[in-house]
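Visitor: I'd like to ask some things about the structure below.
Quick note: the coordinates plus some simple rules give every number you see, no bench work behind them. Only a predicted model underlies this, so the values are computations on that prediction, with no experimental measurement involved. Ideal geometry is used to build each Cβ from the backbone, glycine not excepted, and the neighbour counts take in all protein chains shown.
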Amino acid sequence: MTLRVLLSLGLLTALLSSCSGIPGIPGVGAPNRPYLAGLGVTARTGFSNPAEASSFWDGDSVNGASLIRINRDDQKAYFYKGGELVGVSPISTGNATHITPPGRFKVTEKDIDHESSAYGVIKNVATGQVVNEDADTRKHKAGPGEVFVHAPMPNFLRFNYGIGMHAGFLPGFPASHGCVRMPEQMAVKFFEHAPLGTPVIVE
């Protein structure tokens with residue numbers, strides 16, 4: 001089936017769980033998220049990385065078992081239904097220090113409003129200023145007058161213990177703490193069409 005290009009609706013550039021990122025602005029039509037305000041993306045397109053606008057999805061009316069293939073070299077995720085390719089999304093996988101391990105896995109958890117238990121930012125309560133933009137609960141603690149804000153990971157699909165796929169910031173190269181970041185509109189589609197048990201192949 002021919003894939004159709006999704007029109008650019010904007011991108012939620014969120015902080016990530018096992019993949020701390022850079023917060024940004026919500027996508028067009030998305031509810032206001034105060035914790036993401038103040039750090040921008042390209043004003044003209046809504047995308048900080050133009051490659052994000054190349055996302056494809058044509059799987060709403062296709063039946064069959066779902067399968068996700070993640071190619072770290074291409075920095076792309078491929079979604080199949082009934083053996084047919086119905087979606088392609090740019091991604092950002094783990095960096096050199098926190099790799100996204102290869103292997104064959106399955107979706108074991110779905111959480112539409114997931115937050116990281118490990119990563120986030122530390123902010124000054126009075127001013128709202130970020131004092132640590134890459135905070136780790138195992139290493140960093142909020143001081144007096146500060147608060148630890150856990151990284152939001154919308155449309156989270158867990159497939160390898162602490163690693164999953166979710167909406168997040170794509171700088172154009174592997175940059176996460178191990179998770180697989182996706183444009184918001186593609187994270188929504190993958191989340192909606194990948195039931196628990198969906199095979200996930202990381203290459």
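Visitor: Aspartates and glutamates near residue 110 by alpha-carbon distance under 13 Å, same-chain residues fewer than 8 away left out - which ones?
Guide: The qualifying aspartates and glutamates are 192.
Visitor: With a 10 Å radius around each residue's Cβ, average the other Cβ atoms per peptide and rank 169-176, 139-146, 81-88, highest first.
Guide: So the order, starting with the most tightly packed, is 169-176, 81-88, 139-146.
Visitor: What list do you get for 99, 122 if you sort them by fewest beta carbons within 10 Å?
Guide: Neighbour counts put them in this order, fewest first: 99, 122.
Visitor: Which three lengths, in whole Å and largest first, does region 34-202 cover when its Cα atoms are put on their principal axes?
Guide: 54, 37, 28
Visitor: Leaving out same-chain residues fewer than 8 places away, which lysines sit with a Cα under 19 Å from that of residue 141?
Guide: Once the sequence-local lysines are set aside, what remains near residue 141 is 123.
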